[in-house]
Amino acid sequence: MADDDVDLDLVRASAREFLAERGVKDSVKDLAAMDWTGLLVDESMGGVGWRPVETCVVAEELGRAQDASAWFGTTMGAAALASAPEKVREELLPGLLSGSSAAGFAIADDFARVIRGDLIDFAFLLDRKGIHLLGDLSPRHFVRDGDLLDVSRTVWRTDFDLASGELIGSPDRAAELLSVARLLISADSVGAVSMTLERLTAYLRERVAFGAPIASFQAVQHRLVELLVFVVKARAVIMRAARAIAVADARASVLTAAAHAFVAAKSTAAVDECMQLSGGIGFTWEYPLHHELRRVFTNAHLMGTARSCRELLANVSGW
């Protein structure tokens, strides 16, 4: 095992232990206390200066733990401020790094979908012109997104007028951050799928049918292995793309689009397969599986869809 893999395993283990003790919370303050909101910010600016690789590991563990906070937008917002004009950076970045403020981060389209729009203080929206900072966030700008199903980490629609915001980043910087954001969202989904699969496997080992554990039936084992293969493959393509971004590989945009398209297209079906294998308990409101299904479905519609990323992949590949 490479030294890099050993380091990532240590990050994963420590993050999992912390989140297990923390429980489900909607505040970013305790995450900021772990320096997790400054993972993509250079140390000279008060951040940690980690690569997207380690940040994806943290994102996966947050997805596994069903985190309900605005960590995604706050972390990506801090990364956007790291390259913003000095005046804006000095005014807003300390609050995101300390957790005293939270941010949203989304693609500007006919409307923007913002994670925990009910908790944020300002938002960063991306379009072809670059990165827009919007600070006037009155409640009238937000409405609960009824098309997405996540009930623990809610998503809100916004109708911001970009003309009222401030352009703080170039189109190239916006494209770079969008690639990182897609990987973090994908890693979150992988974390949710892996937790679902782990719980399902434990359940099937204990559940007995026809005098034997359900997990001992070959047909069930094949389906569990297929789910495990998906998790391993998804984690591998995300890490490959994250490493490409970290070293400014020319193929980073291609790898990122491929990773996001793969996870967005497959993760909801993977959790649904876990629900089918769980039997009747998988459909009950009290069982946590439906939260993971809602989460991965929601993730598949944030920062672009599988279809839009396939189109992007075709464009950047010259197809």
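Within the stretch 204-257, the set of residues being more than 28 Å from Ala306 (Cα to Cα) and charged (D, E, K, R) comprises Arg205, Glu206, Arg207.
Annotation note: of Ala13, Ala68, the sole residue that is assigned to a helix (DSSP H, G or I) and either within 15 Å of the chain's Cα centre (by Cα) or without any contact (Cβ under 8 Å) to a residue 24 or more places away in the chain (or both) is Ala13.
Tell me yes or no: at least one residue of the stretch 40-49 is within 16 Å of the chain's Cα centre (by Cα) and either loosely packed, with under 15 Cβ neighbours inside 10 Å or under 27 Å from Phe122 (Cα atoms) (or both). So that I can check it myself, show each step before the final result.
Start the filter on the stretch 40-49 by keeping residues that are within 16 Å of the chain's Cα centre (by Cα), which leaves 40.
Next cut, either loosely packed, with under 15 Cβ neighbours inside 10 Å or under 27 Å from Phe122 (Cα atoms) (or both) only: 40.
Looking through the stretch 40-49, at least one residue is within 16 Å of the chain's Cα centre (by Cα) and either loosely packed, with under 15 Cβ neighbours inside 10 Å or under 27 Å from Phe122 (Cα atoms) (or both).
Of the numbered criteria (1) within 21 Å of Thr298 (Cβ to Cβ); (2) at pLDDT below 95, the one Pro213 fails is (1). In the set (1) modelled with pLDDT of 95 or more; (2) out of contact with any Gly (no Cβ under 9 Å at 6 or more places or on another chain); (3) under 23 Å from Ile115 (Cα atoms); (4) not polar (S, T, N, Q), Val296 fails one condition alone, (2). Could you list all residues from the stretch 131-176 that are aliphatic (A, V, I, L, M) and under 18 Å from Ala264 (Cα atoms)? Passing the criteria: Leu148, Leu149, Val155. Restricting attention to the stretch 280-306, the residues that are touching a residue at least 24 places away in the same chain (Cβ under 8 Å) and in a helix (DSSP H, G or I) total 12. With a requirement of 1 or more residues that are more than 24 Å from Leu40 (Cβ to Cβ) and either within 21 Å of the chain's Cα centre (by Cα) or among the aliphatic types (A, V, I, L, M) (or both), the strands (runs of 3 or more DSSP E) lying completely within the stretch 108-207 that satisfy it span 142-144, 155-158. Scanning the stretch 232-249 for residues that are charged (D, E, K, R) and part of a helix (DSSP H, G or I) yields Lys233, Arg235, Arg240, Arg243.
The values are calculated or read from the model by the stated rules, or taken from the named source; none is laboratory data. Bear in mind the structure is a predicted one, so any value in this text is a computation, not a measurement. Backbone-built Cβ (ideal geometry, glycine too); neighbour counts: all protein chains shown.
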